[in-house]
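Participant: Take this structure, written in structure tokens, and hold onto it; I'll ask about it next.
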Amino acid sequence: MSTGISPLAPTDVPDMPEIAGVRLATAAAGIRYKGRTDVLLALLDKGTTVAGVFTKSKCPSAPVEWCRAQLKGGRARALVVNSGNANAFTGKTGRQATKLTADVAAKAAGCKASDIYLASTGVIGEPLDATKFNGVLETLARDAAPDRWMDAARAIMTTDTFPKVATARVKLGKATVTINGIAKGAGMIAPDMATMLSFVFTDAPIAATALQSLLKNGVEDTFNAVTIDSDTSTSDTLLAFATGDASARGAPKITRASDPRLKAFAKAFHGVLADLAEQVARDGEGARKLVEVIVEGAMSKTSARRIAKSIANSPLVKTAIAGEDANWGRVVMAVGKAGEPADRDKLSIYFNGIRVAKSGARDPSYDEAEVSKAMKNDKIQIKTTLGLGKGRDRVLTCDLTKEYVAINGDYRS
């Protein structure tokens, strides 16, 4: 974990309210580092539904495979997350570790192993000693409390510099329901489903199928629109849990995502995902600037997304931002290499609202001093207009600094 907090960390951290049906506890199990909290247990009331989206990596971690297998049941009683070891690329040993962890957690929670969900983050390729959970999870189950959200967010951190939390409250029927989310992620970030690790909880009574639809739709323009370094993790996991406890207060049971009563909730749910996703971008390893890439006038939204990611993932663009250099030539390069329809002579480029290039050439009114001043901001917007159609998209990233190299040069050691 980094010793200094990112300068882009949010200054306004919300108070995380309790959610009926969720209790949390954390501990230091010695998974990789001594004297550091590295395991989270979330206990969930009976009847809790679950949804999940996972990495599309062809080399997924053992916990990802475990969760995919359990998800068809649609029910959950507990979540166990460890940091320090990803339990990925660990073969038969990794699968045995997930089974042992689930068995230990099930005994502690008083449920079946199939109701346990697992996630791991950290070093890839090192065996996870799941025997370290013996006794620890039992103690956590006994000590779990509903108000330990910040502890939970800290327990799942690796190279993160600050815990990532978000919350929202919204009316559902006659009841006010709560949505809380936590996330971790700072490097190896280019989600192709959800995010590194993120967990969202609500007391709304929502069926698993409806929750799955909300989650799948929600990630597309939030977590899937964030990239730090273009590398999709083996462990990307986003799970959502709905305890249903708000039904006792008048919240209607929702069985379809298209239910009109879910409209306000869906908006709030999306807002929590978006908040967490931006925090991930703000905590990119070594980041000093948050970068918003907007592409307009593309042939389609899909085309705009591909071009935006080409810009956002370009090391040359990202290092120029780090150096506070409005080098639009690198943006032109990234647009051209994306493999999407583009016309050089219709291209315009803006940095923080200042047009630097127009119709395929430097803008006639370009003012170096004005642009240089704008590039010193801690948030940089790069907007590219293609002039070809109505496709638009937005991607978040960060700059690429020397500290990113330092963090990843000795991550394993």
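Participant: Just the residues that are small (Gly, Ala, Ser) and outside any strand (DSSP E or B), please, taken from segment 123-169.
Facilitator: Residues of segment 123-169 that are small (Gly, Ala, Ser), as a first pass: 125, 130, 135, 141, 144-145, 152-153, 155, 166, 168.
Across segment 123-169, the qualifying residues are 125, 130, 135, 141, 144, 152, 153, 155.
Participant: Could you list, in sequence order, all residues of segment 219-238 that are within 24 Å of residue 310 (Cβ to Cβ), of a type outside the set (D, E, K, R) and not in a loop (DSSP other than H, G, I, E, B)? Show your work before the answer.
Facilitator: As a first pass, look at segment 219-238 and keep what is within 24 Å of residue 310 (Cβ to Cβ): 219-234, 236.
Imposing the further condition that a residue be of a type outside the set (D, E, K, R) reduces the set to 219, 222-228, 230, 232-234.
If the condition is that a residue be within 24 Å of residue 310 (Cβ to Cβ), of a type outside the set (D, E, K, R) and not in a loop (DSSP other than H, G, I, E, B), then 219, 223, 224, 225, 226 are the ones that fit.
Participant: Return a yes/no flag: does segment 133-143 have any residue that is modelled with pLDDT of 95 or more, under 13 Å from residue 42 (Cβ atoms) and β-branched (Val, Ile, Thr).
Facilitator: no
Participant: State which residue is surrounded by the most Cβ atoms within 10 Å (Cβ to Cβ) when the search covers only segment 318-351 and only residues that are over 21 Å from residue 369 (Cβ atoms) and without any contact (Cβ under 8 Å) to a residue 24 or more places away in the chain.
Facilitator: Per the criteria, the residue is 333.
Participant: Is segment 80-88 home to any residue that is over 18 Å from residue 156 (Cα atoms) and either touching a residue at least 12 places away in the same chain (Cβ under 8 Å) or in a helix (DSSP H, G or I) (or both)? Break it down stepwise before answering.
Facilitator: Applying the first criterion (over 18 Å from residue 156 (Cα atoms)) to segment 80-88 yields none.
The answer is no; no qualifying residue exists.
Participant: Determine which member of the set 208, 242 is open to solvent by 20 Å² or more (accessible area, probe 1.4 Å), in contact with a Ser or Thr (Cβ under 9 Å, 6 or more places away or on another chain) and touching a residue at least 24 places away in the same chain (Cβ under 8 Å). Steps first, answer last, please.
Facilitator: Working: 242 fails: open to solvent by 20 Å² or more (accessible area, probe 1.4 Å).
Answer to the check: 208.
Participant: Would you pick out the residues in segment 265-278 that are under 18 Å from residue 240 (Cα atoms) and surrounded by 13 or more Cβ atoms within 10 Å (Cβ to Cβ)? If you could, list the steps in order and put the result at the bottom.
Facilitator: Taking segment 265-278 as the starting set, the residues that turn out to be under 18 Å from residue 240 (Cα atoms) are 265-277.
265, 266, 268, 269, 270, 271, 272, 273, 274, 275, 276, 277, listed by residue number.
Participant: Hey, among the residues in segment 140-169 that are open to solvent by 50 Å² or more (accessible area, probe 1.4 Å) and over 27 Å from residue 408 (Cα atoms), which one's farthest from the chain's Cα centre (by Cα)?
Facilitator: 142
Participant: Within segment 323-413, considering only strands (runs of 3 or more DSSP E) that don't extend past its boundaries, which have at least 2 residues that are under 27 Å from the mean Cα position of the chain (by Cα) and farther than 25 Å from residue 185 by Cα? Don't jump to the end; show me each part of the working.
Facilitator: On the way: elements: 348-351, 354-358, 379-385, 391-398.
Those strands (runs of 3 or more DSSP E) span 379-385, 391-398.
The values are calculated or read from the model by the stated rules, or taken from the named source; none is laboratory data. Everything numeric in this text was worked out from a predicted model, so none of it was measured. Note that we place each Cβ from the backbone using ideal geometry, even for glycine, and neighbour counts take in every protein chain shown. Heads up: the accessible areas ignore ligands, DNA and RNA and are worked out on the full protein's heavy atoms, side chains in. Shrake-Rupley method; radii C 1.70, N 1.55, O 1.52, S 1.80 Å.
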